[in-house]
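Step one of this worksheet: look at the structure below.
Every number in this text was worked out from the coordinates using simple rules, so none of it is lab data. The shown structure was predicted, so the numbers you read here are calculated from the model rather than taken from an experiment. Here the Cβ is made from the backbone with ideal geometry for all residues, glycine too, and neighbour counts use every protein chain on show.
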Amino acid sequence: MTRMELEELIFNTYGVRADYPFKDDFVTGVFRHGGGKWFAIAMRIYERRLGHVCDGEVDVVNFKCAPEVIESVVGAEPGIYPAYHMNKLHWLTVALPECDPDTLLWLLGISYDLTRGKAKCRKK
C-alpha cells in the first residue's frame, strides 16, 4: 500500500484527512478524531529504524493496539514492527509497502476504536 492509498482508505472509512502539526514538516501526518485524539500517525523514516540494513526510507503508519494484539502480530506478520517513536506497549508501526492491506485495515479499525473515547452519560 502507498501513503496516498492509506490516506484515501482513512478518508473513505472515517472521513478524516491528515493534519500536519509539526513545524516545517509536511510529511508527518496525524489522523485524529473530532475531539483531537490521534488514531494514526503516518511518516517517512529510515529503514534502519525498523532493523533493516538498507539506507533507504519507507512510509510507515503507527496504530494504537491492545498489548496482546501487538504481541501476536509484531514479528509474526510481514511489515509489522514495534512502534517507532511511540510507546511500544500500546502502539505498533506498519511499513506500508510490506503489510497486507487486510491486516492494515484491521489494525486501523482497532486503533480508531481504542482512541475514540467513551460516550458521556446524560443526566436525567
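Is it the case that some residue within the range 80-92 is of a type in the set (Val, Ile, Thr), over 10 Å from the mean Cα position of the chain (by Cα) and either surrounded by 20 or more Cβ atoms within 10 Å (Cβ to Cβ) or at negative phi (or both)? Quick ask: steps written out before the conclusion?
Residues of the range 80-92 of a type in the set (Val, Ile, Thr): 80.
Keeping just the survivors that are over 10 Å from the mean Cα position of the chain (by Cα) gives 80.
Pick out the ones that are also either surrounded by 20 or more Cβ atoms within 10 Å (Cβ to Cβ) or at negative phi (or both) and you get 80.
Checked against the condition, which is being of a type in the set (Val, Ile, Thr), over 10 Å from the mean Cα position of the chain (by Cα) and either surrounded by 20 or more Cβ atoms within 10 Å (Cβ to Cβ) or at negative phi (or both), the range 80-92 yields at least one hit.
Restricting attention to the range 3-36, report how many residues are under 13 Å from the mean Cα position of the chain (by Cα) and loosely packed, with under 14 Cβ neighbours inside 10 Å.
Result for the range 3-36: 0.
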